[in-house]
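The values are calculated or read from the model by the stated rules, or taken from the named source; none is laboratory data. Owing to the predicted nature of the structure, the values given are computational and were not obtained by experimental measurement. A quick note on method: Cβ atoms are made from the backbone with ideal geometry, for glycine too, and the neighbour counts reach across all protein chains shown.
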Amino acid sequence: MSTSKKVVLWSKEGCHFCGEIKAYLNERNQPFENIEVQGNDVLRDVLEAKYGIRHVPVIEVGSDGKYEALLEADLDKLAQLLQKVDETATV
């Protein structure tokens, strides 16, 4: 059984690219969970363990417990990833 997509944004206050991603998602009424990494090195450790990076933004998009991550602030790639997950979730 397929569920709706979930979007998780790893970000930090004052990050220009993080703000662009938040604005993009909000403009499209796309709900997302924001994980604030500022002042929390453990969360950056999680990013390093998962993706080999410590920087933000990182956007995870998925459904049914399967996620893909976008490790750069590329709005075109984010749109493609959101569309791909939508198509997968409806199959």
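Quick check on my filter: what residues within segment 34-91 are over 22 Å from Glu13 (Cα atoms), not aromatic (Phe, Trp, Tyr) and not in a helix (DSSP H, G or I)?
Selection gives Gly62, Ser63, Asp64, Gly65, Lys66, Glu68, Thr90, Val91.
Scan segment 55-67 for residues that are of a type outside the set (A, V, I, L, M, F, W, C) and modelled with pLDDT of 95 or more and jot them down.
The answer is His55, Pro57, Glu60.
Surrounded by fewer than 13 Cβ atoms within 10 Å (Cβ to Cβ) and over 15 Å from the mean Cα position of the chain (by Cα): does that describe Gly65?
No, not satisfied.
Test Leu70 against the criterion of being crowded, with 16+ Cβ neighbours inside 10 Å and either in contact (Cβ under 8 Å) with a residue 60 or more places away in the chain or under 22 Å from Arg28 (Cα atoms) (or both), and give yes or no.
yes
Counting only residues that are within 11 Å of the chain's Cα centre (by Cα) and not charged (D, E, K, R), which one in segment 4-29 is surrounded by the most Cβ atoms within 10 Å (Cβ to Cβ)?
In this case the residue turns out to be Trp10.
Please pick out the residue among Gly19, Gly39 that is small (Gly, Ala, Ser) and at positive phi.
Gly39
Could you grab me the full set of residues in segment 38-54 that are crowded, with 16+ Cβ neighbours inside 10 Å and either closer than 18 Å to Lys77 by Cα or under 13 Å from the mean Cα position of the chain (by Cα) (or both)?
Selection gives Leu47 alone.
To keep it simple, each residue is scored yes or no on (1) under 13 Å from Lys6 (Cβ atoms); (2) free of Cβ contacts under 8 Å to residues at least 12 places away in the same chain; (3) among the hydroxyl-bearing types (Ser, Thr, Tyr).
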site: Ile21; (1), (2), (3): no, no, no
site: Asn34; (1), (2), (3): yes, no, no
site: Leu43; (1), (2), (3): no, no, no
site: Gly52; (1), (2), (3): no, yes, no
site: Glu60; (1), (2), (3): yes, no, no
site: Lys66; (1), (2), (3): yes, yes, no
site: Gln83; (1), (2), (3): no, yes, no
site: Glu87; (1), (2), (3): no, yes, no
